[in-house]
1. I'm trying to understand the selection: among the residues of segment 191-230, which are out of contact with any helix residue (DSSP H, G or I) (no Cβ under 9 Å at 6 or more places or on another chain), touching a residue at least 60 places away in the same chain (Cβ under 8 Å) and over 24 Å from GLY171 (Cα atoms)?
2. Being at pLDDT below 95, under 28 Å from ALA35 (Cα atoms), touching a strand residue (DSSP E or B) at 6+ places or on another chain (Cβ under 9 Å) and not aromatic (Phe, Trp, Tyr), is that true of even one residue in segment 155-166?
3. Just checking, how many residues over segment 212-252 are buried (at least 17 other Cβ atoms within 10 Å of the Cβ) and on the phi > 0 side of the Ramachandran plot?
4. Kindly indicate whether any position in segment 240-249 is within 18 Å of GLU150 (Cβ to Cβ), of a type in the set (Lys, Arg) and assigned to a strand (DSSP E or B).
5. Looking only at segment 189-208, how many residues end up being surrounded by 13 or more Cβ atoms within 10 Å (Cβ to Cβ), assigned to a loop (DSSP other than H, G, I, E, B) and at pLDDT below 95?
6. Just checking, how many residues over segment 144-188 are in a strand (DSSP E or B) and not aromatic (Phe, Trp, Tyr)?
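The values are calculated or read from the model by the stated rules, or taken from the named source; none is laboratory data. Keep in mind it's a predicted model, so treat the numbers as computed, not measured. We place every Cβ from the backbone using ideal geometry, glycine too, and count neighbours over all the protein chains shown.
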Amino acid sequence: MQHPDPEILSLLALNEPLGDEQTMEHLRSCPECAAEYAALRRAVSAVRTTPDSSVLEPPGANVWTAIHRELGLSEAVARDPLTSAPAVTGTAEPAETAKPAAPVPSRTRSSNVTWLRRPMVWLAAAAALVVAAGIALSVGRPAPPLAEAELAPLAQYSATGSAKVTESRDGSRTIEVELNKTEAKGYQEVWLIAPDLSRLVSLGIMNSSSGRFEVPAGLDLSAYPIVDVSDEPLDGDPAHSSVSIVRGTLKL
């Protein structure tokens, strides 16, 4: 049999029900086409899966003030680039006693402009700002999880793991699944399932021992509290294979 058309593989990766048994049989016996199909499935999973997006806060104005002072920058760049407030470079005199600043000699003003145009100076300033911002952000407390679950093995499997649901400031929710090993004979797919196992929602493919997935907006986790990682064959069927590796219930 000839290799299937790339368009056919793309449709199968999108879980389109083509119903072509010859194509599926070819996928089971042809490593080249199976690898191409797996790559397409990973691409689909990448679209479904939400990347790690921790909530970030801008550093305070004092961070740029410290950078400005440490690098000896001129007053021309005293203003914090992340805010509208100028950096505080010294203690200001009271308004009633403040004196007009002395004019800067033209040669000094010109040399400052030339110095500020040097690329390495701006690169150093930018690098210092990134490092300082990273330090400021690292001290922020992560948001507490909305729900957690311990994942236990089923049937012939022995993997264990955990699931954790967090919420961003915009109200979007993310579930993070971690296993201590991968045991799938096909590929792993993550699901949320109703308590009576009658309804389920696919969150996406987990290509390694861990993954982060977006919880569909409006989905009531109390109605779908079971976290399930299934072992899915390369058969093009979007339904659950009925073979679960691990399963656990979220504690809301």
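1. The answer is VAL229, and nothing else.
2. So far as segment 155-166 goes, yes, one or more of its residues are at pLDDT below 95, under 28 Å from ALA35 (Cα atoms), touching a strand residue (DSSP E or B) at 6+ places or on another chain (Cβ under 9 Å) and not aromatic (Phe, Trp, Tyr).
3. 1
4. Keep residues of segment 240-249 that are within 18 Å of GLU150 (Cβ to Cβ), which gives 244-249.
Okay, now just the ones that are also of a type in the set (Lys, Arg), so 247.
After this cut, where a residue has to be assigned to a strand (DSSP E or B) as well, the list is 247.
Checked segment 240-249: at least one residue is within 18 Å of GLU150 (Cβ to Cβ), of a type in the set (Lys, Arg) and assigned to a strand (DSSP E or B).
5. Step one: of segment 189-208, the residues surrounded by 13 or more Cβ atoms within 10 Å (Cβ to Cβ) are 189-194, 200-207.
Subset that is assigned to a loop (DSSP other than H, G, I, E, B): 194, 207.
Restricting the remaining residues to those that are at pLDDT below 95 gives 207.
Qualifying residue count, segment 189-208: 1.
6. Step one: filter segment 144-188 for residues in a strand (DSSP E or B), giving 147-153, 161-167, 173-179, 187-188.
Narrowing further to those that are not aromatic (Phe, Trp, Tyr): 147-153, 161-167, 173-179, 188.
Going through segment 144-188 one residue at a time, the tally reaches 22.
So that you can scan it fast, the table gives a plain yes or no per residue for (1) part of a helix (DSSP H, G or I); (2) under 27 Å from ILE175 (Cα atoms); (3) at pLDDT below 75; (4) not assigned by TED's automatic domain parsing to the domain that holds GLU232:
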residue	(1), (2), (3), (4)
PRO4	no, no, no, yes
PRO17	no, no, yes, yes
GLN22	yes, no, no, yes
ALA34	yes, no, no, yes
TYR37	yes, yes, no, yes
ARG41	yes, yes, no, yes
ASP52	no, yes, yes, yes
